[in-house]
Each structure stands twice: as structure tokens, then as C-alpha cells.
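These notes are about the structure you will find just below.
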Amino acid sequence: MIGKSDDIIIKTIARIFVPFLQLYALYVIMHGHYSPGGGFQGGVILGASMALLLITHGYDELKRRLPEGVLLLLGSLGVLIYAGIGLLCLILGGNYLDYSQLSVILGVDAAHARSLGILGVELGVGFTVMAIMYSIFFDISTGGILPEDQRREGRVEGER
Amino acid sequence: MKTLSLIVSIIVGAFLMYGTIDMPAWGDPDSPASTHVSPYYITHTEVDTATPNMVTSVLADYRGYDTLGETTVIFTAGMACILLLRRRGGRNKDRG
């Protein structure tokens, strides 16, 4: 089980670093149009910042900020955003994932609609990658037992 | 048996290396990979998608269907990890 770190240096450094990491992750996702980057890379950085919070501030603190259900919802939402944008293009009369059809909704020309469509799907990819990276890290580091289950299990075993 | 495996892998390896002789030189502009759709992407990315980074435009626009599949693969991998690794409260009855 991942508990809270007692070391004030580790906690302070993590508290200072995490906002920068998350801001940088958003930058990597948003700036994928102009420089190396995109949803996959930014999502991994975002997931890594969550992992850093988990190993420094403990599971309970992180659960308060990002409950398990919300995490899985974000992961599914990412794929849904991606597929949904594709489906929206289909509804608007184009091919699947033909973002130029979005120009009707967004009110820009076809090229910029495609640019914004790319941004939309990159955001979806970022959501999914962030949630899955953090979830896998969490499952491997705890052996798959959620701390609240572990506590309950411990109590049950104690009663026996 | 070990000697036989070694001989087989050396022969297969030699064939594979022989196969690479016919491959175009590294970064050859006349290679089939560089003459088919790549010039179109290089020249049209800015006009078509208003995105200067052609890697991004190929990844998410021209080959968007592929990236949708990749995202689904990552999502499926995560779900599989949760199914395999996580033991929720309800499952404890089976174990105990």
C-alpha cells in the first residue's frame, strides 16, 4: 500500500514540481501542431505527475482529488471524444474523421477546422493515456488491492 | 538440439541480412516510401490542415483512423490490466 511520505523535502519538491509538470503536459498536448508532442506524450507526462503525487502524498490525498471512478471515466471519455469527433464528421455529411466537415459548427474555414479537429482528438488521446498510465502504475504498485479494501480486509481478518 | 537451433538461426539470419541488400539506401529520396504519398503530405500539410508539424497532421488527420485504433489499444490494455491485477472487495469471498 502506498502511504504518505513523511519526508518534508520529498513532499515539498513534489508540491513545487507537480504544477509545472502538469502545465508542461498541457503545453505538449496543445503545442503538438507546431513542435514534437501531442496527446500520447502529453498524456504520459500528465500520468507521471499523478504518479509522483501518488508516491509522495499517498493514495488518500490523491483519491480526494481524483477518485477511481472519475479516472476510469476520463479514460473512456478520451476514446469517446475521439470516436465522437469522427462520428460528428459522419453526421455532418463527410467521411469518418474528416475534420473539414466541422467548419460548419466551428465557423472557420476547412483547413482550420481540420487543425482544431486534430487538437480535439489529441485531447481525447491525452485523457485516455493519462488515465491508463496512472491506473497501470497504481495497480502494479499496490498489487491491485485498493487501500480501502486492504484496510477492510485487514479488519475482517482481525475479527476472525 | 542446441547446435541445430544455432545453425537454423544463423541460416535464417543470413537470409534476412541478404534480403536487406536490396533495400533502398537510408533516407534515399527515390525510394518507394518517399515517392508515393510522402510528397503530397509534405507539400499539402500546411494548406490542408493549417498545421505546420506534418507528423501531427499525418498522425491525427490523414491517418486518424490508425490513431483511433492506437488509442483504443491503450484503453483496452488499461482495462485488461485492471481486470487482471485488481482485486476488489467482492472478489475476496472467492479467495477466502
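Each reported figure results from applying straightforward, stated rules to the coordinates on display, with no laboratory input. Computed from a prediction, not measured in an experiment: that's the story for all the values here. Here the Cβ is made from the backbone with ideal geometry for all residues, glycine too, and neighbour counts use every protein chain on show.
Taking the Cα-to-Cβ direction at A:Arg152 and at B:Val73 and moving 7 Å from each Cα, how far apart do the two end points lie in nm?
A separation of 3.7 nm, rounded to one decimal place.
Take each uninterrupted DSSP H stretch in chain A, measure its Cα extent along the helix axis, and return the ones at 20 Å or beyond whose mean Kyte-Doolittle hydropathy is at least -0.5. All intermediate terms of the calculation are to be shown ahead of the outcome.
Values: long enough: A:8-30 (33 Å, 1.79); A:39-65 (28 Å, 0.34); A:68-91 (33 Å, 2.20); A:110-142 (48 Å, 1.21).
Going by DSSP H runs, the hits are A:8-30, A:39-65, A:68-91, A:110-142.
Pick from B:Val12, B:Val37, B:Val55 the residue whose mean-square fluctuation is largest in a GNM of chain B, springs joining Cα atoms under 10 Å.
Judging by the Gaussian network model, the answer is B:Val12.
Normalising by the residue count of the range A:8-148, find the relative contact order in percent from Cα pairs under 8 Å and 6+ residues apart. Before the final figure, lay out each step's value.
Working: 179 pairs, mean separation 40.6, N = 141.
Value for the range A:8-148: 29 percent.
So how far, in whole Å, is the C-alpha centre of the range A:81-160 from the one of the range A:22-75?
So the separation of the two Cα centres works out to 12 Å.
Please identify the helices of chain B, taking whole runs of DSSP H, that span at least 20 Å along their own axis as judged from the Cα atoms and have a mean Kyte-Doolittle score of 1.6 or higher. Write down the numbers at each step before the final one.
On the way: long enough: B:2-20 (27 Å, 1.62); B:64-85 (31 Å, 1.22).
Qualifying helices: B:2-20.
Using a Förster distance of 41 angstrom, determine the FRET efficiency expected from the C-beta separation of A:Ile16 and A:Leu106, and round it to 0.05.
On the way: r = 38 Å, r/R0 = 0.93.
With R0 = 41 Å, the Cβ-Cβ based efficiency is 0.60.
Which of rounded, prolate, oblate describes the protein assembly as shown, given a ≥ b ≥ c as roots of the alpha-carbon gyration tensor eigenvalues and a/c under 1.5 marking rounded, otherwise prolate only if a/b is larger than b/c?
Values: a/c = 2.11, a/b = 1.35, b/c = 1.56.
Cα axes put the protein assembly as shown in the oblate bin.
Quick one: dipole size for chain B, taken about the Cα centre, charges +1 on Lys/Arg Cβ and -1 on Asp/Glu Cβ, in debye to the nearest 20.
Numbers: 8 positive and 9 negative charges, 275 e Å.
Value, rounded to 20: 1320 debye.
Pop out the Kirkwood hydrodynamic radius of the range B:37-89 from its pairwise C-alpha distances, inverse of mean 1/r, in Å to one decimal.
Details: mean 1/r = 0.0760 Å⁻¹.
Averaging 1/r across every pair of different Cα atoms and inverting gives 13.2 Å.
Considering the dipole of the range A:8-148 built from charges on the beta carbon (Lys and Arg +1, Asp and Glu -1) around the Cα centre, which of A:Thr56, A:Ser100, A:Met130 is farthest to its positive end?
A:Thr56
Given a 10 angstrom Cα cut-off, can you work out which residue in A:Gly58, A:Gly126, A:Gly39 is the most mobile in a GNM of chain A?
Of the options given, A:Gly58 has the highest mean-square fluctuation.
Which of B:Tyr18, B:Tyr62, B:Tyr40 moves most in a GNM of chain B, Cα contacts under 10 Å?
Among B:Tyr18, B:Tyr62, B:Tyr40, the largest mean-square fluctuation in the Gaussian network model of chain B belongs to B:Tyr18.
How many nm is it between the label spots at A:Leu80 and A:Met30, if each spot is 7 Å from the Cα in line with the beta carbon?
Output for this residue pair reads 2.5 nm.
Quick one: grab the alpha carbon gyration tensor of the range A:8-148, order the square roots of its eigenvalues as a ≥ b ≥ c, and give me rounded if a/c is under 1.5, else prolate or oblate depending on whether a/b is larger than b/c.
Numbers: a/c = 3.41, a/b = 1.96, b/c = 1.74.
Prolate is the answer for the range A:8-148, as a/c is 1.5 or above and a/b outweighs b/c.
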